[in-house]
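What follows is a single structure, written as structure tokens, with notes after it.
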Amino acid sequence: MAKIGLQGRLFLSHVIVMVVGLSTLITVGKFYSPRLFVLHLAKLEGSGFKLGYVRYQLIKGFEYAWGRGALWSVVVGGSTAGGLSYLVARRIVKPLTQMEAITQKFASGNLSERMPANDIRELHRLAASFNRMAADLQGVEQRRRELVGDLTHELRTPLTVVEGYLEGLADGTIEPSVDIYQRLAKETRRLRRLVNDLQELSQAEAGYLPIHTQKLELLPLLTSLIQKFSDQLLEEGPELRLDCPAALPLALADPERVEQILINLLGNALQYTEQGSITVQAWSEAGKVWVAVVDTGVGIAPADLPHVFERFWRSDPSRDRSSGGTGIGLSISRRLVELQGGQIEVESQVGQGSTFRFSLPLA
Ligand code: ADP
């Protein structure tokens, strides 16, 4: 069976309604009007009018006038209604065909097209959610491109170093030594860390990281983390403190992910704090619990602050590359916080220290 399009169906349904309406009108009119007219004439005769042989002419004349009137009504009414219904059907279908054309453009890689606003409420909502989807897709696509670009850049550096050493060792221009092998091992470790981080980042960004939220008591988790990190601290290093009320309301969060975020924040704090203190604070506020890691380290310049959560961003690339930072940790942390329904913020003053804090919803 041949498929009729939406526009055709709408038009056809209008035409059917119109034909039914007009034919009912005409049938009923044709049947009743002359009878009523004859009755009317009889009434006139009854009240003393002499109609005589004009009566036949009158009836014929009436029928003729009625027939003409009906014909013109059908012609004018039918074509106006038909035209209008065609226009309405086209107006409803046009945004849909437009949407189809835009999805085809999307498929061929052009994600910048958007649906225009529509004054039919349902179609307007459809266009709005279509546009939201398009914007999301565009964001994902852009991030993917950036990621591949950043990634090749990040991988190239250690690869070039390893290649240089290996070639030097092979043709004898570099003497094999413990130091050389250690450097090679360090670069390969860096590559491995990068790959691990990337895997986690890509999962986190795509939202595939499983998050098992549960009612979580923060105090024991924070205490055990502080304990773990204290064991790594050197004598002359910063002091690690915990500042958390005993009666903290339960958070709704995934303990493993919260630990992952805190390990990252504490790791950074330790790396950038020579002396002073690193304090883990927790408090509750209107429907959320906040956890903060406050350090008295080098701090972050105001111009750099907006970038710290961007992936691969490091305030001093050369320094951090050698110290092993990949600039991925904070972007993973941000994603993990967002996946649990919270937000992450940073405040910092150069030379005074930094505060990274994140919120979690209350259970
Ligand atoms: P990395 O693996 O390089 O630490 P992050 O995403 O965790 O990556 O951090 C990004 C950058 O933010 C770091 O390279 C550093 O420059 C800056 N940063 C993060 N935490 C701190 C901190 N507590 N104090 C000063 N700078 C920080």
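Just so you know, all these numbers are worked out from the coordinates, no wet-lab data involved. Small disclaimer: the values here were computed from a predicted structure and weren't measured. Note that each Cβ is placed from the backbone with ideal geometry, even for glycine, and that neighbours are counted across all protein chains shown.
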Are there any chymotrypsin sites (Phe, Trp or Tyr not before Pro) in region 66-143 that are in a DSSP loop and have at most 14 other Cβ atoms within 10 Å? List them by number. none
Karplus ³J(HN,Hα) for region 226-233 (6.51 cos²θ - 1.76 cosθ + 1.60, θ = phi - 60°; Hz, whole; x = Gly/Pro) runs 4, 4, 4, 6, 4, 5, 8, 6
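Viscosity 1.306 mPa s, temperature 10 °C: Stokes-Einstein D of region 124-206 from its Kirkwood Cα radius, in µm² per second?
Values: Rh = 15.8 Å.
Approximately 100 µm²/s, per Stokes-Einstein.
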Residue-wise, which Karplus ³J(HN,Hα) couplings in Hz belong to region 254-271, taking 6.51 cos²θ - 1.76 cosθ + 1.60, θ = phi - 60°, and x for glycine or proline? 9, x, 5, 5, 4, 5, 4, 4, 5, 4, 5, 5, 5, x, 4, 4, 5, 5
Amide H contacts of I174 (H built 1.01 Å from N, under 5 Å, at least 5 apart or other chain): L169
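Stick to Cα atoms and the Kirkwood definition of Rh, then tell me Rg/Rh for region 1-61. Each step should come with its number before you reach the end.
Values: Rg = 21.2 Å, Rh = 15.0 Å.
The Rg/Rh ratio comes out at 1.41.
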Test of understanding: in a Gaussian network model of the chain with alpha carbons linked when under 10 Å, which of L87, L252, L240 would top the mean-square fluctuation ranking? L87
Applied in sequence order to region 20-28, the curve 6.51 cos²θ - 1.76 cosθ + 1.60 (Karplus, θ = phi - 60°) yields integer Hz couplings, x standing for Gly and Pro, of 4, x, 5, 5, 4, 4, 5, 4, 4
Sorting V298, N268, A286 by the position of each Cα along the dipole of region 202-325 (Lys, Arg +1; Asp, Glu -1; all at Cβ), the one nearest the positive end of that ordering is A286
Of the residues L222, V162, L362, the Cα lying farthest along the dipole of the chain towards its positive end, which is defined by charges on the beta carbon of Lys, Arg, Asp and Glu, belongs to L362
Straight-line reach from K3: which lysines have a Cα under 21 Å away, not including same-chain ones fewer than 8 places off? K94
Give, rounded to the nearest 20 debye, the magnitude of the charge dipole that the chain has about its Cα centre when Lys and Arg contribute +1 at Cβ and Asp and Glu contribute -1 at Cβ. 4020 debye
For R241, residues with placed amide H under 5 Å, excluding near neighbours: I278, T279, V280
Mean residue ellipticity at 222 nm from the helices of the chain, using -39,500 (n - 2.57) per DSSP H segment of n ≥ 4 over the full residue count, to the nearest 500 deg cm²/dmol? -21500 deg cm²/dmol
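Order these by the 10 Å Cβ neighbour count, fewest first: T355, T188. Kindly include the intermediate steps, with their values, before the conclusion.
Details: T355 17, T188 14.
Sorted ascending by nearby Cβ count, the order is T188, T355.
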Once both axes come from the Cα atoms, what is the angle between helix 54-72 and the longest principal axis of the chain, in degrees from 0 to 90, rounded to 10? 20 degrees
Between P255, P158, P245, which gets the highest mean-square fluctuation from a Gaussian network model of the chain, Cα cutoff 10 Å? P245
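How big is the Kirkwood radius of the chain, worked out from every pair of different alpha carbons and given in Å to one decimal?
Details: mean 1/r = 0.0354 Å⁻¹.
Answer for the chain: a Kirkwood hydrodynamic radius of 28.3 Å.
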Which lysines does K186 reach when only Cα atoms under 26 Å apart count, and residues fewer than 8 places away in its own chain are ignored? K228
Quick check on region 6-110: take the gyration tensor over C-alpha atoms, sort the square-rooted eigenvalues as a ≥ b ≥ c, and tell me if it's rounded (a/c under 1.5), prolate or oblate. prolate
Treating the angle as unsigned and between 0 and 90°, give the value, to the nearest 10°, between the Cα long axis of helix 329-339 and the longest Cα principal axis of the chain. 40 degrees
